[in-house]
Each structure stands twice: as C-alpha cells, then as structure tokens.
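The block underneath contains the structure these notes are about, expressed in structure tokens.
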Amino acid sequence: MIFGHTMITFKKIDNSNWEDCISLSVKGEQKGLVASNAYSLVQAAYQKNCVPLGIYFEETMVGFAMYALDPDENSFWIYRLMISAENQGKNYGKLALIQLIEYIKNHENATQISLSYKHNNTVARKLYASCNFLETREVIEGEIVARLNLK
Ligand SMILES: CC(C)(COP(=O)(O)OP(=O)(O)OC[C@H]1O[C@@H](n2cnc3c(N)ncnc32)[C@H](O)[C@@H]1OP(=O)(O)O)[C@@H](O)C(=O)NCCC(=O)NCCS
C-alpha cells in the first residue's frame, strides 16, 4: 500500500496486479467516458510522468486512478478515475478521490490539480464539484477542464 487511511487504499500498478487492473471495466454505457485501463497502462509505460494506481477495497482492486505532473504547466492532473461496474455506487469513487487529492497535496510544489470530463458525464461532474473542483472555460479534446487550487 502506498497510501490510504479508510477502507479504501491505493497500490502502485506493478507485476503483481497489472492483470487485475486490465480486467476492470466500467458499465457498457460509460465506455466513451474513460479510456480502458489497458490503454492507460500503455500510456503510463511511455509517458513517464504518469503514475497508475489500483484502488482497493480491502484486498480487492475495485478501481483505477492515474495522475501525472504536467511539465508544461507545472500542475498535477488526474488523468483517470474509474470504479469497476459492479463496485460503483458504494461511495468508493468519492473516498478514492478525497484520498488522491490529499496524497497529491503532499507533493512538493503542488499548487493545483486539474482534470477533465465529457459534458454528459453528470456523475463525474457532480463528484468533482463536491470536492471543490471549479469548471474553467477551457475545453481539451472535447472535455471540460476543472481545477482545484491547493493553496
Ligand atoms: C465517476 C465514478 C468514478 C464514481 O464512482 P462511484 O464509486 O460509482 O461513486 P460513489 O459511489 O463514490 O458516488 C459519488 C457520488 O456520485 C453519485 N452517484 C454515483 N453513481 C451514480 C449514478 N449512477 N447516478 C447518479 N448519481 C450517482 C453518488 O450518489 C455520490 O453522490 P453524493 O456524494 O452526493 O451522495 C464512476 O461512476 C465511474 O467509474 N464512472 C465511469 C468512468 C468515469 O466517468 N470516470 C470519470 C472520468 S472523468
């Protein structure tokens, strides 16, 4: 475990858990909202600033998150957050997001966290707003950019 203090914890993706990670998927109708975990792990393999993390409930991986330090902006981004279809609606996503924010906050020079989501992703939109992310007018690859100031 690298961090976590409730029943939800985070572990780095490594040789022991990458297959669990790529076996997780969202509901069919959510497929256009987030990249597959396999895609994200390939991205992390080549884009070295990405940190892919398994989200665990007790010993079971229930979701996936990936954050990165954007060297151009010197700002942290949450690139991915997903909870597997069968584990959604149990508050895991919210608990995971709160802990991920806390973890990123402890990095040196962390001044803000950014993320983006599709206009029609009402669950994510509400979830991020509940953790004080503010929508900007920026749109990246068709997604609304929202930012959380840490200072
Ligand atoms: C977004 C996501 C991570 C949320 O995870 P989750 O574990 O299902 O969410 P939680 O159970 O923690 O619920 C968080 C909030 O969303 C609400 N919510 C969850 N599922 C919902 C649904 N299907 N419809 C309406 N509200 C929903 C909850 O009521 C809760 O709100 P509250 O705090 O006001 O009670 C998950 O739905 C998911 O993986 N979606 C597909 C991938 C995705 O869109 N990722 C974000 C890309 S930017």
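Only the coordinates and a few stated rules stand behind these numbers; no lab work does. Computed from a predicted model, the values in this text were never measured in an experiment. Note that we place each Cβ from the backbone using ideal geometry, even for glycine, and neighbour counts take in every protein chain shown.
Some observations on this one:
- The 3J(HN,Hα) values that the Karplus relation (6.51, -1.76, 1.60; θ = phi - 60°) gives for region 82-92 are, in residue order, 8, 10, 4, 3, 6, 10, 6, x, 10, 6, 5 Hz. Gly and Pro appear as x.
- Two-site FRET efficiency, residue 73 against residue 120, from Cβ-Cβ distance with R₀ of 22 Å, rounded to 0.05: 0.25
- Neighbourhood charge, 12 Å Cβ-Cβ cut-off, centred on residue 21 and excluding it, Lys, Arg +1 and Asp, Glu -1: 0
- Set the Cα radius of gyration of the chain against 2.2 N^0.38 Å, with N its number of residues, and you get 0.97.
- Only Lys, Arg, Asp and Glu carry charge here, each on its Cβ (+1 for the first two, -1 for the last two); on that basis region 8-149 has a dipole of about 340 debye about its Cα centre.
- Förster radius 35 Å - calculated FRET efficiency between residue 86 and residue 111, Cβ distance, rounded to 0.05: 0.45
- Amide H within-cut-off set for residue 75, under 5 Å, with H built and near neighbours excluded: 70
- Loop-located GluC sites (Glu not before Pro) across region 51-151 with a Cβ neighbour count of 15 or fewer within 10 Å are 58, 59, 73, 108, 141, with loop assigned by DSSP.
- Site pair residue 35 and residue 6 shows an inter-label distance of 2.8 nm when each label is modelled 7 Å from Cα along Cα→Cβ.
- FRET efficiency estimate (nearest 0.05) - Cβ-Cβ, residue 45 to residue 132, R0 30 angstrom: 0.40
- Trypsin sites (Lys or Arg not before Pro) lying in DSSP loop within region 21-57, provided at most 13 other Cβ fall within 10 Å: 27, 48
- Only lysines eight or more places from residue 90 in sequence, or on another chain, were considered; those with a Cα closer than 28 Å are 11, 12, 27, 31, 105, 118, 126.
- Cut-off 13 Å between beta-carbons: net charge of the residues surrounding residue 55, Lys and Arg +1, Asp and Glu -1: +2
- Cβ-based charge dipole, region 83-125, positive-most Cα from 109, 92, 120: 120
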